[in-house]
Structure formats: structure tokens, C-alpha cells
1. Which order do the peptides 250-256, 34-40 take when ranked by the mean count of other beta-carbon atoms within 10 Å per residue, highest first?
2. Given the peptides 116-127, 139-150, 207-218, arrange them by the average over their residues of other C-beta atoms within 10 Å, most packed first.
3. Over 15 Å apart: what share of the alpha carbon pairs of the stretch 163-246 falls there, rounded to a whole percent?
4. Peptides 264-273, 74-83, 228-237: what's the order by average Cβ count within 10 Å, highest mean first?
5. Would you kindly state how much longer the chain becomes between Phe159 and Tyr232 on full extension, computed as 0.36 nm times their sequence separation minus their alpha carbon distance, in nm to one decimal?
Amino acid sequence: MMTRRLANAWLSSVISISLVLLLVGVGSLLLVNARGISDYFKENLEIAVIMNQEVPEAEAVDFMRVLDTCSFVHTARFISREQGIDEMTELMGADFLAVFEHAPVPISVNLTLTPEYVSNEKIKEVAASISASPLVEDVIYQESLVDSLNSNLSKISLFIGIFILLLLFISFVLINNTVRLGIYACRFTIHTMQMVGATKAFIRKPFLVKSVYQGVYASLLSIMVLVGLLFYVKSQFVQLFQIFHLELLLLVMGIVIVSGVLICVLATCFAVNKMVSLKKSELYF
């Protein structure tokens, strides 16, 4: 009966710790993909290269192919006059061309840049380089949008960092309380071991070994739940995995396991040290 009760207590501790480590796993997933999140938004910011009116489409296509080979270009998309007219018609209505003698819509090339070039300073350098071509009339991008994007991404990174620190603190507190309750139940056993001459290191050892196993089992349980949640989310929101990279999941698993074992061992260490320091009269309170 006692063995069954201890097994149930140990199992409930593992489940409680695994739920806390699940939060650590979610936070770690955000942390290791923070760069991917930032790059995703930066790679979707477009700048428009407006070609001169007299430039033929074939020459503009050749110029686009040259741009596509540049180190600062992520993608290059050719917009013909017909495509431009269709897009303007969609925005402004079918009669917008009626006031013009000639179609004012030029050929253009829409570029997205590699993430390291998405800042106003770098984009100005890129725009100056592209504008040097006699084929180009203008390079258009929203300067305020670039500033806003970089500012918001910095805030998101700061928020993720603070969120991770809070999660680790909360995890330590919750796991520490769970471990302390388990060790508190063994306080009389610890006291008996002290009475027969056991050293603190001898008393601490079995509890530390148990905490390592507890941390590993709780980590594995939380990882299984996290992987299940990820594949469910992937089946519902496929586009989300353009930002989150599953190959980084192994790193997240490592973080969860190390966090689980480390927090359990530290919490056990503190709790056992406190128990062995209690006087006999304090065991009943």
C-alpha cells in the first residue's frame, strides 16, 4: 500500500513538472526561431524598381535576371505593363485610364531583399546602386515602413527574451515547490538517517539520483506533448512553418531536457539541505 502511494506521488510529481517544462519548451521554440520570425517579415518587404517608359519588356526581363543574381536580392518579380494596369484597375476602378492619353503604368521589377539589407541605410545603398542603371527611372520603398518594421522586430525580440526569463523563473518556483513537497514527506526518514550517523552527502545522493530520473522522465513527457501539439498546429496552419523550422526542434528538446534535469537537481539540493538542517522539534511543523 505504501509503495503504491509513493509511486502515485512520484508519478504526479513527474506530470506536474512535465506541464511546467511544456511552457519552457514553447518558450524555447520561440527563442530558437526568433531569427526566423525576423527574417520572414524582412524577406516579405518589397521595393519597386520603376523602369523608364521607353525600355522594352525583353530588356527589362534581362535586367531583372541580373538583379536576381545580386547578393542583396532575395527574390525578383517582373511586373509587365499589362499586369500593372490590371493591378491599378483593381485598386482604382476600370475607368482610371480614361483621363490619360497614354497608359501611365510603367514596367517594374519588385524586389525583396535578404534580411541583412533591410534597414534604411542599407536600402539607400541598394537603391543608389540600382538607380545608377540608365534603364531605371526610380526605386520606390516606404522608408517609414522599414523603420517601423525594424523597431517592432526589436520590441518582439525583447518581449521574447523577457518571456523566456519569466518562464524559467516560474518553472523553477513551481518545480521547486513540487520537489520540496516530495522531500518534506521524507523528513522523518532523513532525520533517522542523521541519527545513525549518515553524512549530508550520503543523505543527499539518493534524492539527487531520483531527481535526475524525475527530470528526464518529465522532460520526455513534455517533449512528446510538444511534438504532438506542433504536428497538430502544422496540419491546421501550414504557413506558420515558413517561420518555424522543425530542424531546430532537436535544439528545443535539448533545452527542455537540460532545464528539467538542472531545475530538479537544484531544487532537490536546496530542499534536502534545508531538511537536514532542521531540528527534531521543527519536523512537526
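1. Ranked from most to least packed, the peptides come out as 250-256, 34-40.
2. Details: 116-127: 16.0, 139-150: 14.2, 207-218: 19.6.
The most tightly packed comes first, giving 207-218, 116-127, 139-150.
3. Working: 2550 of 3486 pairs.
In whole percent, the share of Cα-Cα pairs in the stretch 163-246 beyond 15 Å is 73.
4. Numbers: 264-273: 19.9, 74-83: 15.7, 228-237: 11.6.
Peptide ranking by packing, descending: 264-273, 74-83, 228-237.
5. Numbers: separation 73, 0.36 × 73 = 26.28 nm, distance 2.57 nm.
Extending this stretch completely gives an extra 23.7 nm.
None of the figures in this text is laboratory data; all of them are computed from the coordinates on show. Treat the numbers as computed from the prediction; the structure is a model and nothing was measured. Don't worry about glycine lacking a Cβ; one is built from the backbone with ideal geometry, like all the others, and counts go over all protein chains shown.
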